1. Two decimals is fine: what's Rg over Rh for region 147-237, C-alpha atoms, Kirkwood radius as Rh?
2. Rounded to the nearest 0.05, what FRET efficiency is calculated for His350 and Arg247 with R0 set to 25 Å and r the Cβ-Cβ distance?
3. Per residue, how much accessible area does the chain have with a 1.4 Å probe, in Å²?
4. Give me Rg over Rh for region 1-93, both radii from the alpha carbons and Rh done the Kirkwood way, two decimal places.
5. Near Lys327, which aspartates and glutamates are there with a Cα under 15 Å away, not counting those fewer than 8 places off in the same chain?
6. Which whole-Hz couplings ³J(HN,Hα) result when phi for each residue of region 351-363 is put into the Karplus expression 6.51 cos²θ - 1.76 cosθ + 1.60, θ = phi - 60°, listed in order with x for Gly and Pro?
7. At 25 °C and 0.890 mPa s, what whole-number value in µm²/s does Stokes-Einstein give for the translational diffusion of region 169-327, with Rh from the Kirkwood sum over Cα pairs?
8. Quick one: Karplus J couplings for region 318-325, per residue in order, coefficients 6.51, -1.76, 1.60, θ = phi - 60°, nearest Hz, x for Gly and Pro?
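The values are calculated or read from the model by the stated rules, or taken from the named source; none is laboratory data. Predicted model, so just to flag it, every value in this text is computed and none were measured. Glycine also receives a Cβ, built like all others from the backbone with ideal geometry; neighbour counts cover every protein chain displayed. For the accessible areas, the whole protein counts, side chains as well, though only heavy atoms, and no ligand, DNA or RNA atoms are used. Shrake-Rupley method; radii C 1.70, N 1.55, O 1.52, S 1.80 Å.
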Amino acid sequence: MTETLILVNLFHELALKGQNRPLFLKRAKVHVREALKGLGATLEADWAMALLFRLEEGAWPEAQSRLQDTLGVESFARVLRTPPDLQALEAALAGVLAGERFASFRITAKRSDKAFPLTSPEIERRLGAFVKERTGAQVRLRGAEREFVVRILPGAALLEVAHYPGPGGLPPGVSGKVVALLSGGIDSPVAAYRLMRRGAEVVLVHFHPFPLLSGASREKAMALAERLARFQHRIRLHLVPFSEVQRHIIVEAPTPYRVVLYRRYMLRIAEAIAKEEGALALCTGDSLGQVASQTLENLHAVNQATTLPVFRPLIGSDKQEIMAEAKRIGTYPISILPDEECCTLFAPKHPVTRARLAVVLEAEKRLPTEELIALALKEREVVTYAWPGRKPLKEAGEKAFIMEHGPPRG
């Protein structure tokens, strides 16, 4: 069966990590190998900032799909491998040119092996003259119809046949652990993804109104978690029933303050989960001024409920920007499905937009805060998603029912 070679280039930022660079590179390479698990990929070469894999041609479409979502990957390419000399590269180019037609081109040489006798510009001129003689096409440094990238590495030369962008970013786990609040909307999955892309290991927490209302919100959160697992490869989702907390707030709190109080209790519960998980921060999908609960005054009142820092990666983004990113990462089609969220349950017609902390604290004096938090934590479910394939859990949770989800083994 025909085989293909894939060159995976790691995100250039990894080269700037100083003494931590070996750790970042090790994590990135492990993450790439995990992404290709089950496809029969064989590691052919391992360079400082690149990996070369061999796999069967039939596995290429799935490999392409996976690498496009693999954090830490700057780009990847189908390549031809030759000895590190111009004659071998010209022979490889001749085979590629036989099946292509184009009016303009450029050669881009990247010489990692500084012992190679020619500089990058000299390589580009020599190979450019070869291609021009063979095809009659014109050299164009900007806007060329076809670009050939040649990499001179220690002991080998690689000619890129086709080039694809990766997502960039840092591999999961190199920046610590964060607990992200996951609603059923468009914003919070994007916020979680942005922290994943900066190397944080994200644990998800979803608050749902079941059994007071249908389980649509819960099922939607599970679908979003399964999609986000594609980027992190293993992700845990805490499903927390919130209707009992809401019932107490509705009885004791001023009506306009309900949503602010909902969100304060969500942060308290998420903080308790963060302590269990060893996470050092929380994350929400807030965007300043987008809705009534996201005014600066309300965010200030909500923040006071937790001692952990609350990251808001979308705080300066508008809805169109967030929607575009949600579509790109594949969460948008799930987020727009109908559901019933906690914050819309018994929401006031005219919510407070400039919450006064004194009013909030006075209302909470009448609430059994510790008992409500303990009840929510006791009744939650914890679902672990693994991608690609399914992995068994190493331990069962002592405080929660734990389920395992993931695509079937290939």
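1. On the way: Rg = 18.7 Å, Rh = 15.5 Å.
Expressed as Rg/Rh, it is 1.21.
2. It comes to 0.70.
3. Numbers: 18870 Å² over 410 residues.
Normalised by residue count, the accessible surface of the chain is 46 Å².
4. Details: Rg = 14.1 Å, Rh = 14.1 Å.
Taking Rg over the Kirkwood Rh, I get 1.00.
5. Within reach: Asp69, Asp187, Asp318.
6. Whole-Hz 3J(HN,Hα) from phi for region 351-363: x, 5, 10, 10, 4, 9, 4, 4, 5, 4, 5, 5, 5.
7. Numbers: Rh = 15.9 Å.
Taking Rh from Cα pairs, D becomes 154 µm²/s.
8. 3J(HN,Hα) across region 318-325, in whole Hz: 8, 5, 5, 5, 5, 4, 4, 6.
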